[in-house]
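**Student:** Before we start, here is the structure in question, set down as structure tokens.
The values are calculated or read from the model by the stated rules, or taken from the named source; none is laboratory data. Computed from a predicted model, the values in this text were never measured in an experiment. As a convention, Cβ positions derive from the backbone with ideal geometry for all residues, glycine included, and neighbour counts pool all protein chains shown. These accessible areas exclude ligands, DNA and RNA; they are computed on the full protein's heavy atoms, side chains included. Shrake-Rupley method; radii C 1.70, N 1.55, O 1.52, S 1.80 Å.
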Amino acid sequence: MIRSLAAAILFSTALTAPLAAQEATRSKPAALPVDSAAPMPKDIPYPGGTIRLEVDATDTVQRIFRVRETIPVAAAGPMTLLMPQWLPGNHAPRGQIEKLTGLTFTADGKPLVWKRDPLNVFGFMIDVPQGTKEVVASFQFLSATQSNQGRVVVTPKMLNIQWEAVSLYPAGYFTRQIPVQATVTYPDGWRAATALRGRQSGSTVAYDVIDYEALQDSPVFAGRHFKPVDLGHNVTLNIVADDAEELNAKPDQIAKHKKLVDEAGALFGTYHFDHYDFLFAITDEMGGIGLEHHRSSENQVEPGYFTKWTEGTALLDRNLLPHEFTHSWDGKFRRPDLLWTPDFNVPMQDNLLWVYEGQTQFWGYVLGARSGLFTKQETLDAYAHIAAKLDTTRGREWRPMEDTTHDPIISARRPKGWSSWQRSEDYYNEGLMIWLEADAIIRQQTRGAKGLDDFAKAFFGINPGDWGQVVYNRGDVIKTLNAVAPYDWAGFFARYVDSTTRETPKGGFGLGGYKLVYGDTPNAFTKAAEAKNLDQSFGVGLVVKGDGEISNVVWDSAAFKAGLVTGAKIVAVNGDEYSADVFKTALKTAKPMQLIVKQDRYYRTLTLAYSGGLRYPRLEKTGEGEGSLDRLLKPRT
């Protein structure tokens, strides 16, 4: 508080002193020009010739990939070699530069000095001496030995080679213009699968020359317990597992995977590959992955995929292959124009991921139902669970869905304390709900004559056999939709994609003959999801692990208002030691309950005021006969 007029005048004078007088005592550096050493990529052939890449992948104990890369050069002078940073399918800069070690460069056996590009730490600058024909780079990639170092890609039983981790490429050229011949030495007795083709000699495979873009798009799964299964149409399911018994798929299970390939062909009208390899790991030792490529996909599921087929937990893994297979058309062949880049160091722009991933999520569930990997009821249960979870995402009130397409860059999938308010990558499932409604609108507008299948053929089914890329923008999507069924599609996307909303779109249910309702019994999908966590996010607003640890609190829910927080642990409920059954019993009473909660080293006793009981979602039929949602899920072959 200012206590006198004189003090007030003095204070005011200090605040209004001329800016020049204040700056007289501050030094002011001039800005230096910013100029990266790496040249921009050009669409011309790399003049040096074919790069030879040799990878020793035999160390399954210390899990070190040892690399020797011979890079032919056409001229002396400055050269920058890059490790891939922006990786397709990751939608963000995910290159693991920190694991590249022991780097040396030589020319004619003599060492070259290298320097890292300070503006792009994925770049290494060298000066090529006169008369040099080739430069040899040697280094190691130290793959994770524990999950806290990143995804585990090598175990004593299997491995996953992603070429961006074990190679460098010369800056200044489109990666499709750089030829590479890769050779890998695997552990003795192991078998490997990849979209690449080559010749094997002992434990070493020399792959055919291919461009660097396609090389990066053709990872490897290899292992001790391995089995290839022909699914028809030049598609192979390459199974690698921790234990040999996990390879024993029953004929009817394989028949469903074959039907997946048939149904995808019927949907899109053509295949955009000369051959396709599912790389499929059944393991709880190698890290989880579901990553699309044009002629292959990397997939990991928990043990029991085949051997525990009828058990609920296995149900959650069966959407993976339909989703990643769909990406061969949606995301790899047809790709948003700002998500395609000429090399792996030009930043991607993720705006249209609600088509790339959202429609893929839509078709993944549809193809799962049409192929029999899911029953129709299991698919409806999954839809109910997805819609209900999305309705708990209160962050939609301030953050439009399209903004979540930038989340892979913003948060890099790091854990979130208040995920329902922050929002995460909702473009996957909210995209599914948008496209479900779009299908229902098309069927309504055309009196059942057409559906989103017609869009899929028109948009993704062009250029049979082409495994390049054809890019698109939002206008192209709207134009194709209007050609199928005229409608205000621009307004449709403006409402659901660009604007904040109160709840997830459910027109696909209503127009399709169903409505979302809640009861006290979990559906098949929610029951499977609850195998490890009690999920009452739909009601009281909590997800709780088996030991009482809270893994999610829904923003502004009863749990939120009670003061609960992610990471705290419920110790007791109404005086009884916590268990899922004790908590469920207390919820069923529909009365306020007393909780003892441990957060860090501190205990609190609080009242959870909630009277809604147990609350689980399901879809309920609203009319007689077959609705458009029923027709959407029917097989086409």
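**Student:** Can you say whether GLY539 is of a type outside the set (Ser, Thr, Tyr), crowded, with 17+ Cβ neighbours inside 10 Å, in contact with a Gly (Cβ under 9 Å, 6 or more places away or on another chain) and over 30 Å from SER218 (Cα atoms), as far as the supplied structure shows? It would help to see each step written out before you state the result.
**Tutor:** On the way: of a type outside the set (Ser, Thr, Tyr): yes; crowded, with 17+ Cβ neighbours inside 10 Å: yes; in contact with a Gly (Cβ under 9 Å, 6 or more places away or on another chain): yes; over 30 Å from SER218 (Cα atoms): yes.
Against the criterion (of a type outside the set (Ser, Thr, Tyr), crowded, with 17+ Cβ neighbours inside 10 Å, in contact with a Gly (Cβ under 9 Å, 6 or more places away or on another chain) and over 30 Å from SER218 (Cα atoms)), GLY539 qualifies.
**Student:** PHE560 passes all but one of (1) among the aromatic types (Phe, Trp, Tyr); (2) open to solvent by 10 Å² or more (accessible area, probe 1.4 Å); (3) closer than 19 Å to GLN377 by Cβ; which number fails?
**Tutor:** (3)
**Student:** Now for a separate question. For the range 353-380: of the residues being of a type in the set (D, E, K, R) and crowded, with 24+ Cβ neighbours inside 10 Å, which is farthest from PRO505 (Cα to Cα)?
**Tutor:** Of all residues in the range 353-380, those of a type in the set (D, E, K, R) come to 357, 370, 376, 378.
Filter once more, keeping what is crowded, with 24+ Cβ neighbours inside 10 Å: 357, 370.
Details: GLU357: 17, ARG370: 23 Å.
Among residues in the range 353-380 that are of a type in the set (D, E, K, R) and crowded, with 24+ Cβ neighbours inside 10 Å, the one farthest from PRO505 (Cα to Cα) is ARG370.
**Student:** Continuing with this model, one more query. Do any strands (runs of 3 or more DSSP E) entirely within the range 111-196 hold 2 or more residues that are open to solvent by less than 10 Å² (accessible area, probe 1.4 Å) and hydrophobic (A, V, I, L, M, F, W, C), and if so, which? Break it down into steps so the answer makes sense when it comes.
**Tutor:** Details: elements: 123-128, 134-142, 158-161, 179-185, 191-194.
In the range 111-196, 123-128, 134-142, 158-161, 179-185 are the strands (runs of 3 or more DSSP E) which contain 2 or more residues that are open to solvent by less than 10 Å² (accessible area, probe 1.4 Å) and hydrophobic (A, V, I, L, M, F, W, C).
Here's the yes/no breakdown for (1) more than 15 Å from TRP435 (Cβ to Cβ); (2) at pLDDT 95 or above; (3) under 15 Å from the mean Cα position of the chain (by Cα); (4) not charged (D, E, K, R):
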position	(1), (2), (3), (4)
LEU316	yes, no, no, yes
THR341	yes, yes, no, yes
PRO347	yes, yes, no, yes
LEU352	no, yes, yes, yes
VAL355	no, yes, yes, yes
VAL366	no, yes, no, yes
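**Student:** Further question on the same structure: Of everything in the range 407-425, what is open to solvent by less than 20 Å² (accessible area, probe 1.4 Å), under 23 Å from ASN319 (Cα atoms) and not basic (Lys, Arg)? Give them in sequence order. Let's see the steps before the verdict.
**Tutor:** Here is the first cut: in the range 407-425, the residues open to solvent by less than 20 Å² (accessible area, probe 1.4 Å) are 407-408, 411, 420, 423.
From what's left, under 23 Å from ASN319 (Cα atoms): 407-408, 423.
If the condition is that a residue be open to solvent by less than 20 Å² (accessible area, probe 1.4 Å), under 23 Å from ASN319 (Cα atoms) and not basic (Lys, Arg), then ASP407, PRO408 are the ones that fit.
**Student:** Follow-up. Please state which of the following conditions SER628 fails to meet, knowing it meets all the rest: (1) of a type in the set (Gly, Ala, Ser); (2) over 30 Å from GLY512 (Cα atoms); (3) within 35 Å of the chain's Cα centre (by Cα).
**Tutor:** (2)
**Student:** Working only within the range 283-300, note down all residues that are under 22 Å from ARG63 (Cβ atoms) and open to solvent by less than 10 Å² (accessible area, probe 1.4 Å).
**Tutor:** THR283, MET286, GLU298, ASN299
**Student:** Also: When you check PHE583 against the structure, is it open to solvent by 50 Å² or more (accessible area, probe 1.4 Å) and either more than 28 Å from the chain's Cα centre (by Cα) or at pLDDT below 95 (or both), yes or no?
**Tutor:** Details: open to solvent by 50 Å² or more (accessible area, probe 1.4 Å): no; either more than 28 Å from the chain's Cα centre (by Cα) or at pLDDT below 95 (or both): yes.
For PHE583, the condition - open to solvent by 50 Å² or more (accessible area, probe 1.4 Å) and either more than 28 Å from the chain's Cα centre (by Cα) or at pLDDT below 95 (or both) - is not met.
**Student:** Now for a different question. Based on this model, can you work out whether ALA195 counts as out of contact with any Gly (no Cβ under 7 Å at 6 or more places or on another chain) and either within 30 Å of LYS42 (Cα to Cα) or β-branched (Val, Ile, Thr) (or both)? Even if it seems obvious, please write down each step before you answer.
**Tutor:** Working: out of contact with any Gly (no Cβ under 7 Å at 6 or more places or on another chain): yes; either within 30 Å of LYS42 (Cα to Cα) or β-branched (Val, Ile, Thr) (or both): yes.
Against the criterion (out of contact with any Gly (no Cβ under 7 Å at 6 or more places or on another chain) and either within 30 Å of LYS42 (Cα to Cα) or β-branched (Val, Ile, Thr) (or both)), ALA195 qualifies.
**Student:** Sticking with this one: For PHE280, which of the numbered conditions (1) under 22 Å from GLN361 (Cα atoms); (2) open to solvent by 20 Å² or more (accessible area, probe 1.4 Å); (3) free of Cβ contacts under 8 Å to residues at least 60 places away in the same chain fails to hold?
**Tutor:** (2)
**Student:** Working only within the range 69-104, note down all residues that are among the hydroxyl-bearing types (Ser, Thr, Tyr) and over 32 Å from the mean Cα position of the chain (by Cα). Can you show your working first?
**Tutor:** Of the range 69-104, the ones among the hydroxyl-bearing types (Ser, Thr, Tyr) are 70, 80, 101, 104.
THR70, THR104 - these are the residues of the range 69-104 that are among the hydroxyl-bearing types (Ser, Thr, Tyr) and over 32 Å from the mean Cα position of the chain (by Cα).
**Student:** OK, next. What strands (runs of 3 or more DSSP E) completely inside the range 275-371 contain at least 2 residues that are in contact with a Gly (Cβ under 6 Å, 6 or more places away or on another chain), of a type outside the set (S, T, N, Q) and within 20 Å of PRO219 (Cβ to Cβ)?
**Tutor:** Numbers: elements: 276-282, 290-292, 296-301, 334-336.
Here the list reads 290-292.
**Student:** Against the conditions (1) open to solvent by less than 10 Å² (accessible area, probe 1.4 Å); (2) part of a strand (DSSP E or B), where does LEU267 fall short? Just the number, please.
**Tutor:** (2)
**Student:** Right, next: Can you name the residue in the range 454-500 that is acidic (Asp, Glu) and not in a helix (DSSP H, G or I) and is also least open to solvent (accessible area, probe 1.4 Å) among such residues? Can you show your working first?
**Tutor:** Pass one, the range 454-500, residues acidic (Asp, Glu): 454, 466, 476, 488, 498.
Keeping just the survivors that are not in a helix (DSSP H, G or I) gives 466, 488, 498.
On the way: ASP466: 48, ASP488: 98, ASP498: 64 Å².
Out of the qualifying residues, it is ASP466.
**Student:** Please work out which residue is most open to solvent (accessible area, probe 1.4 Å), limiting yourself to the range 243-254 and to residues that are farther than 28 Å from LEU632 by Cα and assigned to a helix (DSSP H, G or I).
**Tutor:** Restricting to residues being farther than 28 Å from LEU632 by Cα and assigned to a helix (DSSP H, G or I), the top hit is GLU245.
**Student:** Mind listing whichever residues of the range 525-542 are part of a helix (DSSP H, G or I) and basic (Lys, Arg)? Write out each step before concluding.
**Tutor:** Pass one, the range 525-542, residues part of a helix (DSSP H, G or I): 525-529.
LYS527 - this is the single residue of the range 525-542 that is part of a helix (DSSP H, G or I) and basic (Lys, Arg).
**Student:** Could you list, in sequence order, the residues of the range 67-110 that are assigned to a loop (DSSP other than H, G, I, E, B), closer than 25 Å to HIS294 by Cβ and either among the polar types (S, T, N, Q) or open to solvent by 30 Å² or more (accessible area, probe 1.4 Å) (or both)? Break it down stepwise before answering.
**Tutor:** Let us first name the residues in the range 67-110 that are assigned to a loop (DSSP other than H, G, I, E, B), namely 73-76, 83-85, 88-91, 94-96, 108-109.
Those left that are additionally closer than 25 Å to HIS294 by Cβ: 83-85, 88-91, 94-96.
Passing the criteria: GLN85, ASN90, ARG94, GLN96.
**Student:** For the range 513-524, how many residues are part of a loop (DSSP other than H, G, I, E, B) and among the small types (Gly, Ala, Ser)? If you could, list the steps in order and put the result at the bottom.
**Tutor:** Narrowing the range 513-524 to residues part of a loop (DSSP other than H, G, I, E, B): 513, 520-523.
With among the small types (Gly, Ala, Ser) added as a condition, the list becomes 513.
Adding up the residues that qualify gives 1.
**Student:** Next question. Name, by its number, the condition in (1) surrounded by fewer than 23 Cβ atoms within 10 Å (Cβ to Cβ); (2) touching a strand residue (DSSP E or B) at 6+ places or on another chain (Cβ under 6 Å); (3) more than 24 Å from THR50 (Cβ to Cβ) that does not hold for SER203.
**Tutor:** Of (1) surrounded by fewer than 23 Cβ atoms within 10 Å (Cβ to Cβ); (2) touching a strand residue (DSSP E or B) at 6+ places or on another chain (Cβ under 6 Å); (3) more than 24 Å from THR50 (Cβ to Cβ), only one is false for SER203: (3).
**Student:** Within the range 199-215, how many residues turn out to be at negative phi and without any contact (Cβ under 8 Å) to a residue 24 or more places away in the chain? Walk me through how you get there before you give the answer.
**Tutor:** The initial filter retains those residues of the range 199-215 that are at negative phi, namely 199-201, 203-215.
Among the residues that remain, those that are also without any contact (Cβ under 8 Å) to a residue 24 or more places away in the chain are: 199-201, 204-205.
Of the residues in the range 199-215, 5 are at negative phi and without any contact (Cβ under 8 Å) to a residue 24 or more places away in the chain.
**Student:** Condition test on HIS257, is it open to solvent by less than 40 Å² (accessible area, probe 1.4 Å), at pLDDT 95 or above and either farther than 21 Å from HIS225 by Cα or of a type in the set (Gly, Ala, Ser) (or both)? Steps first, answer last, please.
**Tutor:** Working: open to solvent by less than 40 Å² (accessible area, probe 1.4 Å): yes; at pLDDT 95 or above: yes; either farther than 21 Å from HIS225 by Cα or of a type in the set (Gly, Ala, Ser) (or both): no.
Spelling it out, it is not the case that HIS257 is open to solvent by less than 40 Å² (accessible area, probe 1.4 Å), at pLDDT 95 or above and either farther than 21 Å from HIS225 by Cα or of a type in the set (Gly, Ala, Ser) (or both).
**Student:** Where the second residue is among the hydroxyl-bearing types (Ser, Thr, Tyr) and the first is open to solvent by 70 Å² or more (accessible area, probe 1.4 Å) and lies in the range 600-616, which pairs have Cβ atoms under 6 Å and are six or more apart or on separate chains?
**Tutor:** Every condition considered, the pairs that remain are ARG615/TYR518.
**Student:** Keeping to the range 501-517, report how many residues are open to solvent by 40 Å² or more (accessible area, probe 1.4 Å) and either closer than 22 Å to TYR356 by Cβ or touching a Cys at 6+ places or on another chain (Cβ under 6 Å) (or both).
**Tutor:** Step one: filter the range 501-517 for residues open to solvent by 40 Å² or more (accessible area, probe 1.4 Å), giving 502-503, 506, 510-511, 515.
Then drop every residue that is not either closer than 22 Å to TYR356 by Cβ or touching a Cys at 6+ places or on another chain (Cβ under 6 Å) (or both), which leaves none.
So the count comes out to 0.
**Student:** Sticking with this one: Which members of the range 197-214 meet the condition of being among the polar types (S, T, N, Q) and not in a strand (DSSP E or B)? Show your work before the answer.
**Tutor:** Keep residues of the range 197-214 that are among the polar types (S, T, N, Q), which gives 200-201, 203-204.
If the condition is that a residue be among the polar types (S, T, N, Q) and not in a strand (DSSP E or B), then SER203 is the only one that fits.
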